[in-house]
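Here is the structure we will look at, set down as structure tokens.
The values are calculated or read from the model by the stated rules, or taken from the named source; none is laboratory data. Keep in mind it's a predicted model, so treat the numbers as computed, not measured. Glycine also receives a Cβ, built like all others from the backbone with ideal geometry; neighbour counts cover every protein chain displayed.
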Amino acid sequence: MIDDIPGLRRILKTNKVIAVVGLSASWFRPSYFAAKYMLEHGYTVIPVNPGQKEILGQTCYASLRDIPVKVHMVDCFRKTEDIGPIADEAVAIGAKVLWQQLGVKNMDAVSKAEAAGLETVIDRCVKIEHARLFGGLNWAGVNTKVISAKRPQWLPY
């Protein structure tokens, strides 16, 4: 399980195709905000929600197995008890990372995923970690109390 800054930074730098399981079409939901942030920072976001056809202008899929492209990271916006089958699908499609969002801590899923060679992250938000590690905390009005006219060179503006 990855829980250190260099590990999180490496995962976010090298895994640019994210399947977001449980992505909501409602603009006020945390999953929508996180996915929108990742899209606007150069990531490919693939929504996985059987009740939707399209979210954030991206084609929505009913399950991970339906996605026609290689997925690097599976980001889970589901309840802890729902993560087991998602971990099985992540292994089946050859994902590299199983990421459980804030408040989600399914250790059985972690064991399954790691046994299959996936890296895992639990109880963290991809948007918050990206912003914290790559200088995006000012996105959407968060005041970092740092005044600068220079944008970080590593962000794709």
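From Pro68, Pro6, Pro47, grab the single residue that is free of Cβ contacts under 8 Å to residues at least 24 places away in the same chain and farther than 16 Å from Ile128 by Cα.
Pro68
Conditions (1) modelled with pLDDT of 95 or more; (2) surrounded by fewer than 15 Cβ atoms within 10 Å (Cβ to Cβ); (3) hydrophobic (A, V, I, L, M, F, W, C); (4) touching a Leu at 6+ places or on another chain (Cβ under 6 Å), marked per residue:
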{"position": "Thr14", "(1), (2), (3), (4)": "yes, yes, no, no"}
{"position": "Ile18", "(1), (2), (3), (4)": "yes, no, yes, no"}
{"position": "Ser31", "(1), (2), (3), (4)": "no, no, no, yes"}
{"position": "His41", "(1), (2), (3), (4)": "no, no, no, no"}
{"position": "Glu89", "(1), (2), (3), (4)": "yes, no, no, yes"}
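Which of (1) buried (at least 19 other Cβ atoms within 10 Å of the Cβ); (2) in contact with a Lys or Arg (Cβ under 9 Å, 6 or more places away or on another chain); (3) more than 15 Å from Lys127 (Cα to Cα) does Thr59 not meet, given it meets every other one?
Going through the list (1) buried (at least 19 other Cβ atoms within 10 Å of the Cβ); (2) in contact with a Lys or Arg (Cβ under 9 Å, 6 or more places away or on another chain); (3) more than 15 Å from Lys127 (Cα to Cα), Thr59 breaks only (1).
Would you mind stating whether Lys112 is more than 13 Å from the chain's Cα centre (by Cα), assigned to a loop (DSSP other than H, G, I, E, B) and not polar (S, T, N, Q)?
Against the criterion (more than 13 Å from the chain's Cα centre (by Cα), assigned to a loop (DSSP other than H, G, I, E, B) and not polar (S, T, N, Q)), Lys112 does not qualify.
Restricting attention to strands (runs of 3 or more DSSP E) lying wholly within segment 1-100, give those where 3 or more residues are over 16 Å from Gly117 (Cα atoms) and among the small types (Gly, Ala, Ser).
The strands (runs of 3 or more DSSP E) meeting that bar number zero.
From the list Ala87, Ala92, Ala62, Ala113, pick out the single residue that is of a type in the set (A, V, I, L, M) and without any contact (Cβ under 8 Å) to a residue 24 or more places away in the chain.
Going through Ala87, Ala92, Ala62, Ala113 in turn, just one is of a type in the set (A, V, I, L, M) and without any contact (Cβ under 8 Å) to a residue 24 or more places away in the chain: Ala62.
Residue under question is Glu40, and the condition is that it be acidic (Asp, Glu) and more than 13 Å from Ala19 (Cα to Cα); does it hold?
When the stated conditions are applied, Glu40 passes them.
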